[in-house]
Structure formats: C-alpha cells, structure tokens
Amino acid sequence: MKQYFEDTIAAISTMSGGGSIGIIRISGIDAITIADKIFVNKKRATGTVARMSTHTVKYGFIIDKDKDQIIDECLLTLMKGPNSYTTEDVVEINCHGGYAVMQSVLKLVYKNGARPAEPGEFTKRAFLNGRIALSGAEAVMDLINAKTSQAHKAAINQLSGRLDRELNEICEKLGLCLAQIEVAIDYPEYEMEEDTARQALETLESIETKLCSMAATYSRGKIIKDGFKIAIAGKPNAGKSSLLNVLCGSDRAIVTDIPGTTRDIIDVTIDVDGIPIIITDTAGLRETEDIVEKIGVDRSYNAISDSDLMLYVIDASCNSKDENESLSNLIKEYNIPVMVIINKTDLVDNETLENYVKEFSQYDPLTVSILSNSGIESIYDRFRKIFTEKGVYLNNENIITSERHKQLLDNSIDAISKAKESYKSGMPIDCISYDIWECGKFLEKITGKSIEADVVETIFSKFCLGK
C-alpha cells in the first residue's frame, strides 16, 4: 500500500570525490516546486519544470535568486509519480561533478524546502510505496556493491522479482492449507480432519523440499557476494608474496631473499570468471623470537582458520619430508581444504621434482616457477575446477546471497518440521495450523509483507546516501 510522505528529500546520487557529471536527486510532494525555484531554461525563464512532461529532459541553469548568481549549467530530468523510482515526483539535476558545484546546488535545494535524505531513503520509499519488495530493495544494494559479473547477475536475478514470485506462490499454498484446516475445524460433523491433515502434510513436504533446495544455495551465494577466501601459507621464502603479486598483477607485497619479510597479512581481491577471490598473504610459518614477526605468524594462523581454502606454497629445493609434516599438522589443526603449490621448480632437476610431486601426491600438487611465470595458469584452472565442483557458477535458479534470507528460510523449514511432528504425534489439527501460519510469516519477512519496523530501518541504514 502506498504511503504518503509530507516532506521532500534530496541527496547527491553519484559517487563522491568529483567527476565530470554529478546527479542530485529530489523526491517528494514539493520536488517540482523546489526545482522551479532554482532552475531556469536557456532563455532564463522560470517556472518551466511544472510545465514539463513526465520523463523528459530540459537544458538550463541552476541559479541562486537571492544573489542573482548562476551556479551551474545543467540538464534537468522530471519523472512524475507514480512512474518513478520512489513512485513520488522525482527531479534529477545533472550538473558538473565538482565538489564545490555539487554542494552549492544541494544547499540551494535544501534552502528551498527539501531536507537531507537518510541513507537508502529513496529506495526505502520505493519499498514502502509498494513499487519493490523488500528483497528487491536489498538487491539494489547488492547491485551497487557488485564487483564481479556473477555478483551482478545474482543481484539482477533478485531485483527482477523471481525470488518474490516463488515465495509468494509458496505462501499461497500455505494459505490454502490454512483455509482447508479452518473448514475442517468449523465443520467437525463432516469428519474431514484426518483427510485434511494428510493433504496438508503432503503439501508441506513438497514446500519443505523447495525451501531446503533454496536454502542450500546460500553457501554458493555467499561466495558470489562476499568472495572466496584463500590464505597463502607456507614457510618463509617459499614464494608466497611473489605468488600474491603474480595473481593480483601488481607489486602489493614486499619480496626479498630475507626470511620473515612479511610481518602482517595483506588482502587483495581478484576476479576469476566473475567470482571474487579474496587472497591473503601471510607471514612465513616458523618458530621465532622476534616479537613483531611472532605477531605476524599468529595472524597467519588466524587467517588460515578464517579461509575457505589454504594455498600452501613449498620451495622445491627444501626438504620435502619436513614440508609434508608441517602441512599435515596444519590440516589436522584447521581441517581446511588445501591446494599445494610446489614453487621454484627452476632450481631443481626433473628427477628431484618428480620425487617431490610423489611426496605430495595425495594433494594433487601444482608445479610452478613464479620467477619464470611458468605454471601460473594451472592455478587459475584449479580455481575454476573448485568453483565448478561447488556449483558456484550461476544458472537460471534462484540463489540466496543474504544471511537474513537464509536465517528466515531455516526458520520456515523448522516450522514445517514442527507441523510434521505435531501430525505424527497425533496433535489436534489446530496445532498444525499454527506451525503453517508461522512458516508463512517467516517467508513474508523476506519479501517485506510482514516485517518489523526496526528491521526495515536496519536494512536501509546500510545503503549509501542518494540511493
């Protein structure tokens, strides 16, 4: 249902820091009136915004009438409600993107009746006015933050309303179950309770299968949205920092022949086939009396424990049995998947390298020479293989990327489980009815049909200004 807002909001909708073009967005009941107070066309005529047709653009100038001063030339776009982003009257001023220009125009807008928009308030109004579902509003934020093609695709899928449509269909089935149960309760003389409960159970099992399948996509969705975490580990001077630099294509980490150069962890994000990979370079793992290096080693262990994969780098010229023992201890300690990289293959002969590979055969190691850039592509190929095995690459299915959605799906599945338990234990049919109602309420919190005001505030507070 459309809500009525008596005030008009405004904010800069483009990235801060200056640019060739900047956009100031105004939305609300007085958007057109405010724009007419500060905008004149090329003939210096005022009052032109009110006469504009919706979804048209006009060239002109922003002026400060009190100072009789031109602030900037601009293009002004008008989108009358309800056919706008917020469903209200919306005016967007496209001016030059310099900081001083943008601030001057924005101050004029505030001076003439608008108030500063809160973070995410434009999208919040779009939600409260019924133009988009809550999950769609959250997808807007994901779209803004998307750094890879797969994250972009996941956000677009959610923004298109596919998730809402599927959840709405499930809620309709739950509603039908409740209606049938109500009939059975209201007309006990027809003895329909047992048949109705059985039919409800069949429907719930079908819904449970769908919800479980949907919830199971979260592990993949989290990788697409937040990234796949990889910790590069190994002993000092194995080539960890050099590998980080090669993978990210720049000299992010200091590389020397001196053991213990890396004292702190370094994070970089790379894009492999649209999947964000967050790579952490860690300090060399060894016993040390150096206080600073010891802190770095401790942080290395923390980074390993927080990762999805450990990329363990080994110097091919070192003792393989010592390295194998160190790696085995790490895996036992942290129970983490590992990719073994045997580096510095240019320093050993073929026979030595073959023996080294046999020593680590259980890990299917990759052999590289970072110095000569040999074998690097095999690392990317292994990443792609892992993503394929995990099913990370998107198809046309709905995929869950929000922790909030995942929790609510889990709650709805639990409600179905309780309904099934109630049926099997011979509980009255109205007990089943309550659990079905609970399931529907959890799902409606995803779409926003039933949600607490404080949750809405929390969600939109994470948005940037101007969106």
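The values are calculated or read from the model by the stated rules, or taken from the named source; none is laboratory data. Source: prediction; values computed, not measured. Note that each Cβ is placed from the backbone with ideal geometry, even for glycine, and that neighbours are counted across all protein chains shown. All accessible areas refer to the heavy atoms of the entire protein, side chains included, with ligands and DNA or RNA removed. Shrake-Rupley method; radii C 1.70, N 1.55, O 1.52, S 1.80 Å.
Of the residues making up segment 200-243, just one is in a helix (DSSP H, G or I), within 14 Å of V392 (Cα to Cα), touching a Ser or Thr at 6+ places or on another chain (Cβ under 8 Å) and small (G, A, S), namely G221.
If I ask for residues that are in contact with a helix residue (DSSP H, G or I) (Cβ under 7 Å, 6 or more places away or on another chain) and free of Cβ contacts under 8 Å to residues at least 40 places away in the same chain, which ones from segment 18-47 would you list? Please lay out each step first, then the result.
Narrowing segment 18-47 to residues in contact with a helix residue (DSSP H, G or I) (Cβ under 7 Å, 6 or more places away or on another chain): 18, 22, 24-27, 34, 38, 46-47.
Passing the criteria: T46, G47.
Table: residues versus (1) exposed (fewer than 14 other Cβ atoms within 10 Å of the Cβ); (2) out of contact with any Phe, Trp or Tyr (no Cβ under 8 Å at 6 or more places or on another chain).
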site: A316; (1), (2): no, no
site: I341; (1), (2): no, no
site: N355; (1), (2): yes, yes
site: R382; (1), (2): no, yes
site: I400; (1), (2): no, no
site: K406; (1), (2): no, no
site: E421; (1), (2): yes, yes
site: K424; (1), (2): yes, yes
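Taking the criterion of being assigned to a loop (DSSP other than H, G, I, E, B) and closer than 16 Å to A31 by Cβ, the residues of segment 47-68 that qualify are G47, T48, V49, A50, R51, M52, S53, T54, H55.
Of all residues in segment 369-388, those that are touching a residue at least 60 places away in the same chain (Cβ under 8 Å) and of a type outside the set (K, R) total 9.
The set of residues in segment 84-118 that are assigned to a loop (DSSP other than H, G, I, E, B), small (G, A, S) and either surrounded by fewer than 19 Cβ atoms within 10 Å (Cβ to Cβ) or on the phi > 0 side of the Ramachandran plot (or both) comprises G97, G98, G113.
For segment 18-35, the set of residues classified as part of a helix (DSSP H, G or I) and at pLDDT below 95 is empty. Screening R162 on (1) in contact (Cβ under 8 Å) with a residue 60 or more places away in the chain; (2) open to solvent by less than 30 Å² (accessible area, probe 1.4 Å); (3) within 24 Å of E208 (Cα to Cα) shows it passes everything except condition (2). Residues that are surrounded by fewer than 18 Cβ atoms within 10 Å (Cβ to Cβ), among the small types (G, A, S) and in contact with a strand residue (DSSP E or B) (Cβ under 6 Å, 6 or more places away or on another chain) within segment 46-83 are absent altogether. Here S433 fulfils each of the conditions (1) open to solvent by less than 50 Å² (accessible area, probe 1.4 Å); (2) in contact with a Ser or Thr (Cβ under 8 Å, 6 or more places away or on another chain); (3) within 14 Å of G175 (Cβ to Cβ) apart from (2). In summary, E438 fulfils each of the numbered conditions (1) touching a Cys at 6+ places or on another chain (Cβ under 7 Å); (2) closer than 15 Å to L178 by Cα with the single exception of condition (1).
In the list K124, K80, which residue meets the criterion of being in contact with a Phe, Trp or Tyr (Cβ under 6 Å, 6 or more places away or on another chain) and under 27 Å from M52 (Cα atoms)? So that I can check it myself, show each step before the final result.
Working: K80 fails: in contact with a Phe, Trp or Tyr (Cβ under 6 Å, 6 or more places away or on another chain).
Only one candidate qualifies: K124.
For G81, all conditions in the list (1) of a type outside the set (K, R); (2) assigned to a loop (DSSP other than H, G, I, E, B); (3) in contact (Cβ under 8 Å) with a residue 24 or more places away in the chain hold save one; what is the number of the exception? Among (1) of a type outside the set (K, R); (2) assigned to a loop (DSSP other than H, G, I, E, B); (3) in contact (Cβ under 8 Å) with a residue 24 or more places away in the chain, G81 violates only (3).
When I24 is tested against (1) farther than 30 Å from H152 by Cβ; (2) open to solvent by less than 20 Å² (accessible area, probe 1.4 Å), just one condition goes unmet, and that condition is (1).
Could you identify the single residue in D257, D271, D267 that is at pLDDT below 85, assigned to a strand (DSSP E or B) and either closer than 18 Å to S374 by Cα or among the charged types (D, E, K, R) (or both)?
Values: D257 fails: assigned to a strand (DSSP E or B); D271 fails: at pLDDT below 85.
Checking each option against the conditions leaves just D267.
Would you say E182 is under 19 Å from S27 (Cβ atoms), acidic (D, E) and not in a loop (DSSP other than H, G, I, E, B)? In short, no.
When we screen I170, I185, I156, I207 for residues that are at pLDDT below 75 and of a type in the set (A, V, I, L, M), the only hit is I185. Consider segment 202-228 and keep the residues that are open to solvent by 70 Å² or more (accessible area, probe 1.4 Å) and closer than 30 Å to T282 by Cβ. The one that is nearest to the chain's Cα centre (by Cα) is K225.
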